[in-house]
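Step one of this worksheet: look at the structure below.
The values are calculated or read from the model by the stated rules, or taken from the named source; none is laboratory data. Everything numeric in this text was worked out from a predicted model, so none of it was measured. Quick reminder, even Gly has a Cβ in these numbers, built from the backbone with ideal geometry, and neighbours come from all protein chains shown.
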Amino acid sequence: MSDQTTSSIERRVASTTVQATVEQCFAVGIDVQSYPNWIESLTEVEIESRNAEGKPDRVRFEASGLGRRASYVLAYDLGDAPAVLGWTLVTGDLARAIEGAYRFSDATEEGGQPATFVEYELSIDLAVPLPGYVKRRAEDKIMEAALRRFKQEVERVASS
């Protein structure tokens, strides 16, 4: 699904093009309460605090996958919105660190339909040791949900 994926020990990056505007992509990304509708592993989302504009800036997530449940709180960085939607781990039971971002740039060709190049980056440091193949499988599932399903959701919302 992604046009490009690279991997390193600490950071993974995937990218694709979405048929929507940068603003539409950002709107879906910041609508964290809707995540369980399109990300199967998320079972609960609770906004703990909002910024002065009413956007979520601290969010608690409950997720399940690979036979485990995880709870974590992310702090959102909206300083470069709508071009970047970033986050970092505040606290979590299975991860020591999480850093990530969606980066959006206009990819509309002259006279064409709106399009946005979306880059998704993520690094996770787990608190529990996992065999390499299990960790890669978990990372692949996260990347798939974060990009392919994101693209589907943005294009669904943009077409309605």
Requested in this report: Would you mind stating whether residue 125 is without any contact (Cβ under 8 Å) to a residue 60 or more places away in the chain and out of contact with any Gly (no Cβ under 6 Å at 6 or more places or on another chain)?
Outcome: no
Query raised in the report: Which of the residues belonging to the stretch 38-51 are modelled with pLDDT of 95 or more and surrounded by fewer than 16 Cβ atoms within 10 Å (Cβ to Cβ)?
Result: 44, 46, 47, 48, 49, 50, 51
Query raised in the report: Do we find a residue being over 26 Å from residue 152 (Cβ atoms), loosely packed, with under 14 Cβ neighbours inside 10 Å and not acidic (Asp, Glu) anywhere in the stretch 103-118?
Result: no
Query raised in the report: On the given criteria, is residue 86 crowded, with 18+ Cβ neighbours inside 10 Å, at pLDDT 95 or above and not aliphatic (A, V, I, L, M)?
Result: yes
Query - Top-ranked residue of the stretch 115-157 - restricted to ones that are assigned to a loop (DSSP other than H, G, I, E, B) and in contact with a strand residue (DSSP E or B) (Cβ under 8 Å, 6 or more places away or on another chain), ranked as farthest from residue 19 (Cα to Cα) - result: 127
